[in-house]
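A.B. asks: Provided herewith is a single structure, encoded as structure tokens, for subsequent inquiry.
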Amino acid sequence: MNGWAHSPPHPLWRNRYGAGLALAEACREGIGRNSKALLLALPRGGVPVAAAMASQLNLPLATWSVRKIADPAEPEVAIGAIAAAGAMVWRDGEKGAQWAAMAERQGWLQIQQKELARRQQAFGDPAPEQLRNRHLIVVDDGIATGMTAKAALVSLGKVDAASLTLAIPVIDSGVAKELAPWVDRLQALAYVDHLSSVSIWYQNFPQLSDSEVLKYLKHPDINN
């Protein structure tokens with residue numbers, strides 16, 4: 001396990017696809033050989049990572065959409081996140097009810113619920129019953145706060161999967177400890193204390209469009 005106290009000495013990967021190639025090697029033993037394994041990418045950023053893994057490990061690839069909920073005045077600060085099957089997580093534990101009430105009152109929750117449904121349809125997220133007894137590998141491009149990842153894991157905990165793995169290139173060390181109880185295995189290439197930004201680990205970290213996501217899903221072996 002690699003770890004840095006603050007920031008990496010330099011970017012470790014050229015792009016998300018390159019990170020996925022490295023992550024595939026780390027996952028090759030065990031989950032990479034399971035015939036019932038399925039890669040579930042968190043769109044949009046997790047899709048190129050998972051596509052590279054799919055091409056190397058010869059595993060099927062699908063998406064599992066999640067949405068961050070934030071105050072529009074501070075869009076980078078998540079107060080909660082939602083995923084399929086009504087899964088919701090909120091910041092600050094016991095204060096979560098206050099965030100939930102605010103998000104509903106201000107309409108932020110409803111906006112993200114609509115966007116979640118749109119992405120589920122656009123990307124063809126599998127129905128929960130299609131995931132039963134599968135070995136699910138949840139993939140993202142990096143985890144700093146863990147809000148959306150936790151929402152995904154909470155929702156996937158309801159599908160009766162055979163096992164649940166979280167695979168990411170880089171993750172905050174503290175968040176890794178928080179998420180570990182939700183999975184059977186957590187596979188990361190780098191654990192960082194006080195991870196403030198995922199993007200600094202990549203030379204190129206562009207925003208992705210829906211069309212790019214669909215291209216990766218159709219052709220996982222093509223590095224855009």
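The values are calculated or read from the model by the stated rules, or taken from the named source; none is laboratory data. On a predicted model such as this, the values are computed, not experimentally measured, just so you know. Counting neighbours? That spans all protein chains shown, and the Cβs are built from the backbone with ideal geometry, glycine included.
A.B. asks: When you scan the stretch 57-105 for strands (runs of 3 or more DSSP E) that lie fully inside it, which ones turn up with 1 or more residues that are under 30 Å from K218 (Cα atoms) and of a type in the set (S, T, N, Q)? Give the derivation first.
C.D. replies: Working: elements: 61-63, 66-70, 78-83, 88-90.
Where strands (runs of 3 or more DSSP E) fall fully within the stretch 57-105 and carry at least 1 residues being under 30 Å from K218 (Cα atoms) and of a type in the set (S, T, N, Q), they are 61-63.
A.B. asks: What are the residues in the stretch 91-106 that are polar (S, T, N, Q) and closer than 12 Å to D71 by Cβ, if any?
C.D. replies: Result: Q106, single match.
A.B. asks: Where residues in the stretch 70-83 are at pLDDT below 95 and among the aliphatic types (A, V, I, L, M), which of them is surrounded by the fewest Cβ atoms within 10 Å (Cβ to Cβ)? Spell out how you get there, then give the answer.
C.D. replies: Residues of the stretch 70-83 that are at pLDDT below 95, as a first pass: 70-80.
Cutting the leftovers down to among the aliphatic types (A, V, I, L, M) gives us 70, 73, 77-79.
Numbers: A70: 19, A73: 6, V77: 11, A78: 22, I79: 22.
Across the stretch 70-83, the extreme among qualifying residues is A73.
A.B. asks: Which residue out of I200, I222, I137, I143 is over 14 Å from L39 (Cα atoms) and crowded, with 20+ Cβ neighbours inside 10 Å?
C.D. replies: I143
A.B. asks: Pairs, please: C-beta under 7 Å, at least 6 apart or cross-chain, first residue closer than 25 Å to S155 by Cα and in the stretch 180-205, second among the polar types (S, T, N, Q) and crowded, with 20+ Cβ neighbours inside 10 Å?
C.D. replies: V183/T165; D184/T165; R185/T165; Q187/T165
A.B. asks: Give P9, P48 a once-over and let me know the one that is crowded, with 23+ Cβ neighbours inside 10 Å and either at pLDDT 90 or above or assigned to a loop (DSSP other than H, G, I, E, B) (or both).
C.D. replies: On the way: P9 fails: crowded, with 23+ Cβ neighbours inside 10 Å.
So the residue among P9, P48 that is crowded, with 23+ Cβ neighbours inside 10 Å and either at pLDDT 90 or above or assigned to a loop (DSSP other than H, G, I, E, B) (or both) is P48.
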